[in-house]
1. Select the helices (runs of 4 or more DSSP H) contained entirely in region 161-241, then report the ones holding at least 1 residues which are within 17 Å of residue 151 (Cα to Cα), open to solvent by less than 50 Å² (accessible area, probe 1.4 Å) and of a type outside the set (Ser, Thr, Tyr).
2. Just to be sure, is residue 122 over 23 Å from residue 172 (Cβ atoms) and more than 13 Å from the chain's Cα centre (by Cα)?
3. In this structure, does residue 78 turn out to be open to solvent by 40 Å² or more (accessible area, probe 1.4 Å), of a type outside the set (A, V, I, L, M) and over 19 Å from residue 286 (Cα atoms)?
4. For region 259-270, check the following and say yes or no: at least one residue is closer than 23 Å to residue 331 by Cα, in contact with a Lys or Arg (Cβ under 9 Å, 6 or more places away or on another chain) and acidic (Asp, Glu).
5. Could you check how many residues of region 141-163 are closer than 12 Å to residue 105 by Cβ and over 13 Å from the mean Cα position of the chain (by Cα)?
6. Any idea how many residues of region 63-75 are open to solvent by 50 Å² or more (accessible area, probe 1.4 Å) and either in contact with a Gly (Cβ under 9 Å, 6 or more places away or on another chain) or assigned to a strand (DSSP E or B) (or both)?
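The values are calculated or read from the model by the stated rules, or taken from the named source; none is laboratory data. Computed from a prediction, not measured in an experiment: that's the story for all the values here. So basically every Cβ, Gly included, is an ideal-geometry build from the backbone, and we count neighbours across all protein chains shown. In case anyone asks, the SASA skips ligands and DNA or RNA and just uses the protein heavy atoms, side chains included. Shrake-Rupley method; radii C 1.70, N 1.55, O 1.52, S 1.80 Å.
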Amino acid sequence: MRNALLLRCCLSVKKLSYGYRELTSISGNPLIDHSDNLVIVEGKASSRTAILNRPSSLNALNTSTVARLQKLYKNWEENPDIGFVVVKVALLNGITMGGGAGVSIPGTFRVATDKTIFATPETLIGFHPDAGASFYLSHLPGYLGEYLALTGDKLNGAEMLSCGLATHYSQIAKLPLVEEQLGKLITDDPSVIETTLGDHGDIVHPDQTSLIHRIETIDRCFRHDTVEEIIDSLENEAAQKNDAWCVSALKKLKEAAPLSLKVSLRSIREGRFQTLDQCLSREYRMSLQGISGHITKDFVEGVRAKLVDKDFKPKWDPPSLEHVSEDMVDQYFSPLSAFEPELELSTKQREAFV
């Protein structure tokens, strides 16, 4: 576990080191780097807790936050006194999307609550699920990952636990106690942490309206090789059963960027046969292609329509699935130019996460 991927250390058991020179207080008190307070650190008995500190932005990640986290992880890596690290994003209390999901879901343990909301809504802004999403979505039961990636539909905490995106569930009122008990642990044994989380967990099941109870329909519709076939299958289901859920899923697909749908489907399918490292490297290439504007300007248009002007009327280019060429999709997965370095991961220092 000492060699686990940095992204995986959210509530994960690791041997980590602690950068005393950069932090201003002794163990047991909040430790804040005053030159960069985007991440607050708390020292515990045998652990460290990293707390994202951008509340006005819903703790959305930016490059400074990521750089700070990476610096902390590297400093903590070799200290034998630290048995594990908690990234408080991994206590999934509230909105868990995008980068927030990326730094928590690959962790060894993830605690969902009654306030958790998870989604990968990137196709609705002309992008694709990234930050490792093609890895963890592709490993969900059946074709649930394809459904979530293409529609951007939401899951609550009970649903996350049911499908494996979360490992534990606790009512929000119990979170302070969970954090307190974790802080008292002196261990690097994952089974001890597992037991602690289980002792303070709650038994919960998705309600009867949950999409978790529609796995058979999701598998039947989203197992197909193309987006067009998926839509045809959903339309047949909707017509035969007069199913409002199918109609809603179709509506979500038709609101998404056509190119993003095809790119995201291919990404999830490739993720099934790749390690997390390979998925991260590929998604990095895809993201650079997506934001470059060389293939399409859908990402800029999606952000404008959904987040800036909020007219919710994006003009996608290409405007429909039939106008999306294979070449356009292939470009997303093509190698970067000689002027754009590939994503560097510390694969030589640890085993691949599969």
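1. Details: elements: 175-184, 190-199, 215-222, 227-241.
Filter on region 161-241 gives 215-222, 227-241.
2. Numbers: over 23 Å from residue 172 (Cβ atoms): yes; more than 13 Å from the chain's Cα centre (by Cα): no.
No, not satisfied.
3. Considered against the rule, which asks whether it is open to solvent by 40 Å² or more (accessible area, probe 1.4 Å), of a type outside the set (A, V, I, L, M) and over 19 Å from residue 286 (Cα atoms), residue 78 comes out as yes.
4. Let us first name the residues in region 259-270 that are closer than 23 Å to residue 331 by Cα, namely 259-270.
Then drop every residue that is not in contact with a Lys or Arg (Cβ under 9 Å, 6 or more places away or on another chain), which leaves 267, 270.
Then keep just the ones that are acidic (Asp, Glu); that gives 270.
Yes, region 259-270 contains at least one residue that is closer than 23 Å to residue 331 by Cα, in contact with a Lys or Arg (Cβ under 9 Å, 6 or more places away or on another chain) and acidic (Asp, Glu).
5. Matching residues across region 141-163 total 1.
6. Filtering region 63-75 down to residues open to solvent by 50 Å² or more (accessible area, probe 1.4 Å) leaves 63-64, 66-67, 70-71, 74.
Applying the additional criterion that residues be either in contact with a Gly (Cβ under 9 Å, 6 or more places away or on another chain) or assigned to a strand (DSSP E or B) (or both) yields 66, 71, 74.
Within region 63-75, residues that are open to solvent by 50 Å² or more (accessible area, probe 1.4 Å) and either in contact with a Gly (Cβ under 9 Å, 6 or more places away or on another chain) or assigned to a strand (DSSP E or B) (or both) number 3.
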